[in-house]
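First the structure, in the form of structure tokens, and then the observations on it.
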Amino acid sequence: MRVAVVHDWIVNIGGAEKVLKAILELFPDADVYTLVYLKDTLRKLGINNKVYSSFISGLPFAKTKYSYYLPLMPLAIEQFDLSKYDLVISSSHCVAKGVLTKSYQIHICYCHTPMRYIWDLYFPYLKEHKLENGIKGIFVKPILHYLRIWDVSSANRVDYFVANSQNVANRIRKIYRRDSVVIYPPVDVERFLPSYKKEDYFMVLSRLVPYKKVDLVVETFNELNLPLVVIGDGEEMGKIKKMAKENIKILGWQEDDVVKEYLAKAQALIFASEEDFGIVSVEAQACGTPVIAYNRGGAKETVIDGETGILFEEQNVESLKKAVLRFLKERDNFQRDKIMENAKRFSEDRFKREFKSYIEGIIR
């Protein structure tokens, strides 16, 4: 079969790009279509396929400020001529699912999430970017309204939806009124090793952006006066540094080997955001490290309360503090091997096997 794989953009390496890599390992001869890509990112991912980009990639600063071109993305994704392919697989968290296909083609969308900043995160997005009122808000709100209309209408172009979690499957049903099959994304659990001696710190591994709620974790550990290590970078770095007391170390971005060592030796990973799936929580468990997570989103599916971690109910200091204190009382009950076994449910081999079987069932 002639196969095309469509991905929103290939600029940074995150969970969506790891899914893309796994899909291309299943279809090594597939052509790739994306709005914008960086050659260095393709190299790091090991992608040697033929890659086609959209007209956005030729616009000023597109490879670093591509998000500024969000209003043009629906138009750009519709300009790809995919008529020569038998199977189209879109890997979509923004507009990739909106490609145009013909009646003789099969279009399967692996949906990481419907666009969160126009749906679930719409009001927080306006607040964080000071767009609730004023001139900018007057221009931005109609654009986001248009994107919502396009997002729903373009869902009809997909023949089969695959969701990366039950959480996202529920969102697909709510927004698009479509059913989907859940196939969890691939996590390279084999590259993580446990430490047989835990140290006394807790850990946050996250981009420092508002919805990740790192400020909530820092505020909580300021009150608890327990050691916390924060690894990651982002727009809230200055704010987080100002908040942190002496018991908190802000390490910024770190190399992969450093991250793995910190994860393995931590008492627990603190996971305070509501994520579509949340690969970091699985990576921590692959090290045998328990996770203290907000009981919403993907964490409900990856963390087993009382066995592989502790779930807390509200994104506030009191709820998180209660969970940390509960962990300190129960930490001797957490068994490293059981935690690592739970992480294996999300392995790369399992993803490839399930995704391949699903596609074969459709095209057979």
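The values are calculated or read from the model by the stated rules, or taken from the named source; none is laboratory data. Not measured: the values here are computed from a predicted model. Don't worry about glycine lacking a Cβ; one is built from the backbone with ideal geometry, like all the others, and counts go over all protein chains shown.
What to note about this one:
- Just one of the listed residues (K102, K65, K18, K50) is basic (K, R), at pLDDT below 95 and surrounded by fewer than 16 Cβ atoms within 10 Å (Cβ to Cβ), namely K65.
- Those residues of the range 243-266 which are over 19 Å from L224 (Cβ atoms) and either assigned to a loop (DSSP other than H, G, I, E, B) or of a type in the set (S, T, N, Q) (or both), in sequence order: W253, Q254, E255
- Selection from the range 87-107 of residues that are outside any strand (DSSP E or B) and either touching a helix residue (DSSP H, G or I) at 6+ places or on another chain (Cβ under 8 Å) or not assigned by TED's automatic domain parsing to the domain that holds L26 (or both): H93, C94, V95, A96, K97, G98, V99, L100, T101
- The lone exception for R296 - which of (1) in a helix (DSSP H, G or I); (2) closer than 25 Å to Y110 by Cβ it fails: (1)
- Residues considered: D40, D86. Of these, the only one that is modelled with pLDDT under 95 and among the charged types (D, E, K, R) is D40.
- Within the set K322, K356, the sole residue that is closer than 28 Å to L224 by Cα and in a helix (DSSP H, G or I) turns out to be K322.
- Subset of the range 331-351 that is over 18 Å from the mean Cα position of the chain (by Cα) and over 16 Å from V303 (Cβ atoms) - its residue that is surrounded by the most Cβ atoms within 10 Å (Cβ to Cβ): R350
- Any hit, the range 30-41, residues being buried (at least 17 other Cβ atoms within 10 Å of the Cβ) and of a type in the set (D, E, K, R): yes
- Scan of the range 149-179 for residues that are touching a residue at least 24 places away in the same chain (Cβ under 8 Å), closer than 14 Å to T113 by Cβ and in a helix (DSSP H, G or I), ordered by number: D151, A155, Q166, N167, V168, R171, I172, I175, Y176
- Residues of the range 238-282 that turn out to be acidic (D, E) and more than 30 Å from Q166 (Cβ to Cβ), as a count: 4
- In the range 250-257, the count of residues that are touching a residue at least 24 places away in the same chain (Cβ under 8 Å), among the hydrophobic types (A, V, I, L, M, F, W, C) and either assigned by TED's automatic domain parsing to the domain that holds A286 or under 26 Å from T113 (Cα atoms) (or both) is zero.
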